[in-house]
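Written below as structure tokens is the structure these notes are about.
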Amino acid sequence: MKKVIAAGLAALAMSVSGAAFAEPVKVGMITTLSGGGAGLGIDARDGFMLALKNAGDAASEIEVVTEDDGQKPELAVQIADKMIQSDQVDILTGIIWSNLAMAVVPSAVAQGKFYLSVNAGPSPLAGSQCNENYFNVAYQNDNFHEAMGQYANQDYKKTFILAPNYPAGTDALTGFKRFYKGELTGEVYTQLGQTDYAAEIAQIRASGADSVFMFLPGGMGIAFTKQYAQSGVDIPLMGPGFSFSQDVLGAIGDAALGVKNSGSWAKDLDNEANAKFVETFQAEYGRLPSVYAAQAYDTANLIVAAAGKASVKDADAFRAALKEADFDSVRGKFSFNTNNHPIQDIYVREVIKEGDVLTNKIVSTAFTDHKDAYAAECSLQ
Amino acid sequence: MQTALFIEQILNGLQLGVMLFLMAAGLTLIFGVMGLINLAHGSLYMVGAFACAAVAGATGSFWLGLAASLAAAAAAGALVEILVIRRLYERDHLDQVLATFALILILSEGTRWLFGSFPLYLDIPPLLQGTVPIPGGSRYQLYRLAIIGVGVAVAVGLFLLISRTRLGMRIRAGESDREMIGALGVDIRTLYTVVFALGAALAGLAGAMVGALQSVQVGMGEPVLILAFVVIVIGGIGSIKGALVGALLVGLTDTMGRFLLPQLFGVFMDPSRAGLVGGAVASMLIYIVMAVILAVRPQGLFAAKG
């Protein structure tokens, strides 16, 4: 009898004081911390942890376990199983790459766990395979490319496009073509992980294009952009923000100056949350944050906000709290579409030099309140 | 314009070829003399690139960086030989593969520990920036021509070293009969260390030169290592001449495949599909060539031993 009363009192206390007695939330972060793609994962992890630190007491009950997936799908699946079964996490997050997300997310959400994406947004998870427990806080893969296609309509008539031959690469060019109305002078799919682009650059030179759109994330983009600048071809280059994000700009060097690229975030976005994010990130880690860090920072803040409203053990209430997206996004406004993917503005940015440091500055807005093209195929309402 | 594009692509193929030759020469030399399969050769390429980027970043001189890349890769090679590889000569290839694979992991994580996870910046030196006119009316990048020049110089140098010098004589003797030259009083341990360091220095040189074109990052060596293995398998394991011919063959096949196959498929497909299918077949092309050559000549084109 005593126990029942105690439990009743405890429940009463909780419902009255809310966040202060929030239940512990255990987050499993699977991300890429070694190998060629480690820069992206490290930025995501650092952004996530920074948000929890900045949240102070509100995040005191949030515990994070982090593991390195080495950019290998089979390893990511093993880690996810281990985190769900032995660590008993409530929420999974952190995956950078779409092929890894496709390997992990469907089984994790089928086991009743929440998955919050800090980066990858493959089209099946936005459309036919969407799930009520899968929230994408970053973007759907096509979004940034769609924005560049829209932007290219202003100035260009003949564009040469290229991307690596893998799902996100074909998604990229599909996204670009969805909004681009001009003519394509070439459409080239390169090998994934290719590092020498001399043959493709020679074709661009000979194609008579008035612009080039390329999606080559990580080291591929560094190699391409340097070689493009060195080759003396002066056709304007554009791409999604991934190819010109803060993590690769230093290695590309001045070759990137003036390049237009699209993104949902830039460090000069004028809002309070963003100012605090950029300032504390620099103070904590001694470098400028990338878009991956910004998305992970938002993801962590979303978890903090939802945990303050509902217990993660009450899946329905917690899901509703997530869906409200009641947090101060570094992207300014942010809300979820019916398929749990973002409705957000997408900007065109230009690479500039601030002192010695290359970074991005917003020059225009490509889309306002942009939604992805797959929401209609999703059964969620 | 089409002729100019064609000439440019042939030059691109040659440039890729000589770069692969620098990698494959060391790999095949080490296999030919010591009978060792060195998976960590790609890591030495990475060491060269990081040394060049770090020194060039600190001093502002690419040339000092280039010298540092040779020194660092040779030193890393010699150190690895003395500490690890020396114990593996008598063991079978599976043990060697296992140990050198471990070296890849150690060198990669060691480099990350020293330089961090973000790619480093390395640009081509001012002297070699810009382009030069080529026949057909187009222009070609001076730096890539310089790489072709360095590759040819290294090929000639290696030929002279092996056919005309005492060290070369010992290397050839070591290829034919290890025990015998040991019995004749040649210090075989030092010879092995020198050969290993030489191979490593060539890989480091390739890494530094390519680092200025591409991105200097952890893991950059492994894709090149795979191509270098294709080259020595095509050329005949242990043969420097085979490595040269194989490297040029792979370089030209890969470049021309990427250039011509999508156009070929474009004749009977829409451009988007032709790009996808052509690109996919182009990425398989060198492996198809390798399979055909191995079917006809299982020893490779210029097998070192009969």
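The values are calculated or read from the model by the stated rules, or taken from the named source; none is laboratory data. On a predicted model such as this, the values are computed, not experimentally measured, just so you know. Every residue, glycine as well, gets a Cβ built from its backbone with ideal geometry; the counts of neighbours run over all protein chains shown.
Give B:277, B:224, B:292 a once-over and let me know the one that is part of a helix (DSSP H, G or I) and out of contact with any Phe, Trp or Tyr (no Cβ under 7 Å at 6 or more places or on another chain).
It is B:292.
Within the range A:32-73, take every residue that is within 14 Å of chain B (Cβ to nearest Cβ) and basic (Lys, Arg) and give me the one that is nearest to residue B:222 (Cα to Cα).
Among those residues, the one meeting the criterion is A:72.
Yes or no: the range A:219-241 includes at least one residue that is of a type in the set (Lys, Arg), surrounded by fewer than 24 Cβ atoms within 10 Å (Cβ to Cβ) and at the interface with another protein chain (Cβ under 9 Å from one of its Cβ atoms).
No, the range A:219-241 contains no residue that is of a type in the set (Lys, Arg), surrounded by fewer than 24 Cβ atoms within 10 Å (Cβ to Cβ) and at the interface with another protein chain (Cβ under 9 Å from one of its Cβ atoms).
Does residue B:36 satisfy the criteria of being modelled with pLDDT under 90 and either surrounded by 19 or more Cβ atoms within 10 Å (Cβ to Cβ) or part of a helix (DSSP H, G or I) (or both)?
Spelling it out, residue B:36 is indeed modelled with pLDDT under 90 and either surrounded by 19 or more Cβ atoms within 10 Å (Cβ to Cβ) or part of a helix (DSSP H, G or I) (or both).
Any idea which of A:150, A:154 is free of Cβ contacts under 8 Å to residues at least 12 places away in the same chain and over 30 Å from residue B:261 (Cβ atoms)?
Of A:150, A:154, the one residue that is free of Cβ contacts under 8 Å to residues at least 12 places away in the same chain and over 30 Å from residue B:261 (Cβ atoms) is A:154.
From the list A:70, A:39, which one is surrounded by fewer than 24 Cβ atoms within 10 Å (Cβ to Cβ) and either assigned to a loop (DSSP other than H, G, I, E, B) or under 20 Å from the mean Cα position of the chain (by Cα) (or both)?
From the options A:70, A:39, the qualifying one is A:70.
Does any residue in the range B:176-194 that is closer than 18 Å to residue B:77 by Cβ come within less than 6 Å, Cβ to Cβ, of a residue that is assigned to a helix (DSSP H, G or I) six or more places away or on a different chain, and which pairs are these?
B:188/B:182; B:191/B:170; B:192/B:34; B:193/B:78; B:193/B:81
Criterion first (buried (at least 24 other Cβ atoms within 10 Å of the Cβ), part of a helix (DSSP H, G or I) and aromatic (Phe, Trp, Tyr)) does residue B:101 satisfy it?
Answer is no for this residue.
Would it be correct to say that residue B:180 is within 14 Å of chain A (Cβ to nearest Cβ) and not small (Gly, Ala, Ser)?
Spelling it out, it is not the case that residue B:180 is within 14 Å of chain A (Cβ to nearest Cβ) and not small (Gly, Ala, Ser).
Taking helices (runs of 4 or more DSSP H) that do not extend beyond the range B:114-185, which have at least 1 residues that are over 24 Å from residue B:26 (Cα atoms)?
The helices (runs of 4 or more DSSP H) meeting that bar are B:142-164, B:178-183.
Could you pull out the residue among A:64, A:27, A:77 that is assigned to a strand (DSSP E or B), more than 16 Å from the chain's Cα centre (by Cα), free of Cβ contacts under 8 Å to residues at least 40 places away in the same chain and within 24 Å of residue A:112 (Cα to Cα)?
The match here is A:64.
When the range A:276-302 is examined, which residues are found to be modelled with pLDDT of 95 or more and among the aliphatic types (A, V, I, L, M)?
A:278, A:283, A:293, A:294, A:296, A:300, A:302 - these are the residues of the range A:276-302 that are modelled with pLDDT of 95 or more and among the aliphatic types (A, V, I, L, M).
Among the listed residues B:246, B:211, identify the single one that is crowded, with 24+ Cβ neighbours inside 10 Å, farther than 28 Å from residue B:163 by Cα and of a type outside the set (Ser, Thr, Tyr).
None of the other options fit; the residue is B:211.
Counting just the residues of the range A:286-311 that are surrounded by fewer than 24 Cβ atoms within 10 Å (Cβ to Cβ) and over 20 Å from the mean Cα position of the chain (by Cα), which one comes out farthest from residue A:64 (Cα to Cα)?
My answer is A:286.
Given the conditions (1) surrounded by fewer than 22 Cβ atoms within 10 Å (Cβ to Cβ); (2) of a type in the set (Val, Ile, Thr); (3) under 21 Å from residue B:74 (Cβ atoms); (4) within 12 Å of the chain's Cα centre (by Cα), report the number of the one that residue B:162 does not fulfil.
(4)
Look through A:13, A:20 and report the one residue that is modelled with pLDDT under 60 and either at positive phi or in contact with a Phe, Trp or Tyr (Cβ under 8 Å, 6 or more places away or on another chain) (or both).
A:13
Filter the range B:101-149 down to residues that are at the interface with chain A (Cβ under 7 Å from one of its Cβ atoms) and of a type in the set (A, V, I, L, M, F, W, C) and give me whichever is nearest to residue A:246 (Cα to Cα).
B:118
When residues of the range B:214-229 are filtered for being at the interface with another protein chain (Cβ under 9 Å from one of its Cβ atoms) and crowded, with 24+ Cβ neighbours inside 10 Å, how many remain?
Qualifying residue count, the range B:214-229: 7.
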